[in-house]
1. Touching a residue at least 24 places away in the same chain (Cβ under 8 Å), surrounded by fewer than 19 Cβ atoms within 10 Å (Cβ to Cβ), part of a strand (DSSP E or B) and more than 44 Å from the chain's Cα centre (by Cα): is that true of Ala551 in this structure?
2. On the given criteria, is Thr522 under 51 Å from the mean Cα position of the chain (by Cα), closer than 30 Å to Gln391 by Cα and surrounded by 15 or more Cβ atoms within 10 Å (Cβ to Cβ)?
3. Return yes when Val144 is open to solvent by less than 50 Å² (accessible area, probe 1.4 Å) and either over 30 Å from Pro38 (Cβ atoms) or not charged (D, E, K, R) (or both) and no when it is not.
4. State which residue pairs qualify: first residue among the acidic types (Asp, Glu) and inside the range 212-231, second residue surrounded by 14 or more Cβ atoms within 10 Å (Cβ to Cβ) in any location, beta carbons under 8 Å apart, and separation of 6 or more residues or different chains.
5. Has the range 540-547 got at least one residue that is over 48 Å from the mean Cα position of the chain (by Cα) and either of a type outside the set (A, V, I, L, M) or open to solvent by less than 40 Å² (accessible area, probe 1.4 Å) (or both)?
6. Out of all the residues in the range 260-269, is one or more assigned to a loop (DSSP other than H, G, I, E, B) and under 30 Å from Thr341 (Cα atoms)?
7. For the range 47-90, name all the residues that are modelled with pLDDT of 90 or more and of a type in the set (Val, Ile, Thr).
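The values are calculated or read from the model by the stated rules, or taken from the named source; none is laboratory data. Remember, predicted model here, so these are calculated numbers, not experimental data. Reconstructed Cβ throughout: ideal geometry from the backbone, glycine too, with neighbour counts over all protein chains shown. Surface areas here come from the heavy atoms of the whole protein model, side chains and all, with no ligands, DNA or RNA. Shrake-Rupley method; radii C 1.70, N 1.55, O 1.52, S 1.80 Å.
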Amino acid sequence: MAVIIVPTTVAACQPFIVSVTGAPLTATQAVFTYDGAPVQTLPVVVGAAGPATFTAVGSGAQTVSVVYLDAASAVVGAENGTVTVTPAPAGTLTTTLITPVGGLTTATTVITCVGGLTSINGTLTYTLPGGVTVTATVINGVVVPTSLGVALTPGQTVGVSFTAAAGTCPACTLASTTVVVPPLLTCSVVVQPVVGPVIVGQPTSVTAVVLCNGLPVSGASVTFNGGAAPVTVTTNALGIATGSLTFNTAGTATVTATVTAPAGSECECTGVVSLPITITVGAQPSCQVLLLPAGPTVVGQPTTVTAVVLCNGLPVSGASVTFNGGAAPVTVTTNAAGIATGSLTFNTAGSATVTATVTAPAGGACTCTGVVSGPITITVGAQSSCLVVVQPVLGPVIVGQPTSVTAVVTCNGLPLAGASVTFTGGAAPVTVTTNALGIAVGSLTFNTAGTATVTATVTAPAGGACTCTGVVSAPITITVGAQPSCLVVIQPVTGPVIVGQPTSVSALVTCNGLPVAGASVTFTGGAAPVTVTTNAAGIATGSLTFNSAGAATVTATVTAPAGGACACTGVVSLPLTITVSGPTSPTLQASPACWRFNLPFPVPSLFTATLTATLTPAQAGVSVTFYVSGLPVGTAVTNAAGVATLNAGLSLLQISASSYTAVATVGGATIQATGTLTPCFPPV
């Protein structure tokens with residue numbers, strides 16, 4: 001006989017469970033008794049009973065008694081178990097007293113307990129000066145703020161104590177505390193430094209922060225003074241008030257903020273004035289126009305010119321900018337970043353001077369009309385001739401295979417689009433056109449192995465900036481190789497090979513190191529040959545079956561598609577030797593399982609358990625029936641790994657069993673396995 005207690009050590013007011021095994025053969029009931037708790041009588045099934053759930057009380061070693069009764073309620077045995085109870089940990093009572101101006105004191109108490117708050121129910125008592133008490137109800141460790149009915153003054157004290165409700169068992173002990181009423185608080189108002197320049201006639205943002213004992217005051221009325229006219233705004237949830245002042249004269253100005261707090265606030269805020277801050281007010285500036293340097297400039301080609309328009313360092317959008325110095329002036333408008341971009345063309349080589357003249361929109365903060373930038377000097381170069389470069393060929397060049405050739409055409413270092421490029425040196429010349437990057441890509445075929453010389457000749461479109469017609473590249477030399485033959489490699493077989501079971505075999509077909517797609521591969525060596533086709537990666541995968549155990553030799557023979565770069569027809573792989581094992585009988589293994597309570601709503605069963613059986617060798621789709629105490633609890637089907645899993649609902653009788661059984665039928669033969677079934681920990 002054995003009494004099982006889980007856990008063996010538990011904190012006071014926490015649950016633990018008790019079960020027994022090895023009860024007398026004649027016992028039909030087990031009576032569980034623990035330290036004043038209601039007696040629990042549970043049936044004995046196959047020598048086991050329980051679990052019975054109790055709540056730990058007291059501290060130290062506690063005794064749990066079990067008495068066994070037979071069908072006639074006669075005592076047929078008894079035994080004891082021991083559970084060690086540790087005292088409930090200490091919690092805390094944290095109380096804050098707040099007395100708003102002209103109002104009554106409110107007490108707010110927060111209870112903390114490492115064992116959780118749901119067990120803490122009862123009454124919180126506040127003892128006021130003179131002995132008067134005010135109570136508040138505690139539900140699941142929470143108490144709402146409570147008015148004490150009087151206006152306490154700074155320095156007075158309030159006692160705080162907790163009394164547990166009858167029949168409850170708090171998970172923490174809560175010691176009484178004494179709280180001192182804090183002194184009244186006053187507001188602090190701080191005007192923040194102004195960010196950025198302050199200009200005559202332009203609105204300036206001003207900000208103040210209102211705090212009460214370091215905490216923000218929302219909804220307070222703040223009046224800013226020092227500008228052309230005062231402005232009043234309200235603080236937000238962060239205690240911040242933001243307004244806008246305008247200053248009519250340049251020089252220094254002093255700004256202050258005066259606060260009126262909302263009625264009922266705990267701070268004395270009305271009429272509180274901030275320390276002043278001094279602001280320097282500047283006169284209105286005029287526009288600044290900057291010309292940016294231009295890139296390479298060539299006669300007859302458009303050149304991009306850019307100007308930035310600023311007012312007091314900030315961009316001016318919508319300003320009209322006229323660029324001068326080219327063959328003809330051009331006028332554009334600045335964008336949101338104050339940038340204007342135009343295009344000038346120069347008819348003669350040499351140096352040219354460019355300026356930008358601005359007219360800003362009416363009503364702006366700056367005087368911009370007629371402002372002229374400082375000049376920049378641009379060097380205008382003469383038209384140049386084309387440069388054509390044939391790029392080195394990438395990868396091997398093989399007789400009879402098309403080879404990609406590339407040339408880059410530039411004019412004064414810039415790509416030339418739409419130029420006609422003729423490549424020569426192969427079996428026949430090929431002509432292509434350059435793209436927007438000045439790149440032309442063609443394809444040449446070489447009929448004989450050895451070295452070959454490739455050149456590119458260019459004809460550019462009419463009217464371009466460069467003289468390109470008839471320009472020829474420097475030659476490049478290409479080494480042309482003979483056609484290679486295929487290479488066929490059988491891959492090692494993965495996993496055991498069993499007589500009568502299909503075995504996957506794979507071969508890789510390459511030509512000059514590159515995969516050959518669409519090749520026909522025949523595998524031989526099994527009971528019958530099988531022919532499959534390679535995929536885009538050059539891999540062919542088939543299935544062979546072997547009729548007898550022992551060593552077997554597998555080869556792969558390839559026939560490649562017509563017109564390929566390699567001679568592949570009839571190429572045979574090196575042989576691969578495979579060891580074939582005799583047939584094996586399937587086995588079934590049941591994994592250990594445990595049951596747990598099906599809470600909070602035990603529908604349809606009070607207990608649940610996850611039962612698992614594994615079929616070896618793995619086979620999908622096999623039905624496995626699970627039994628507990630000789631009764632079927634459900635059927636599951638094996639997956640690709642041969643695993644069948646059942647989430648079973650169990651009865652009170654079935655959880656008393658110490659094992660379960662899995663039964664399956666494979667190939668006409670019935671196989672079974674047994675696994676252990678124990679309570680889970682924790683059981684819920």
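1. Taking the combined requirement at face value, the residue satisfies it.
2. No: the conditions fail for Thr522.
3. Here the answer is no, as Val144 does not meet what is asked.
4. none
5. yes
6. Checked against the condition, which is being assigned to a loop (DSSP other than H, G, I, E, B) and under 30 Å from Thr341 (Cα atoms), the range 260-269 yields no hits at all.
7. Of everything in the range 47-90, those that are modelled with pLDDT of 90 or more and of a type in the set (Val, Ile, Thr) turn out to be Thr53, Thr63, Val64, Val66, Val67, Val75, Val76, Thr82, Val83, Thr84, Val85.
Yes or no, residue by residue, for (1) on the phi < 0 side of the Ramachandran plot; (2) open to solvent by less than 70 Å² (accessible area, probe 1.4 Å); (3) touching a Cys at 6+ places or on another chain (Cβ under 6 Å):
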{"position": "Ala340", "(1), (2), (3)": "yes, yes, no"}
{"position": "Val358", "(1), (2), (3)": "yes, yes, yes"}
{"position": "Leu394", "(1), (2), (3)": "yes, no, no"}
{"position": "Phe423", "(1), (2), (3)": "yes, yes, no"}
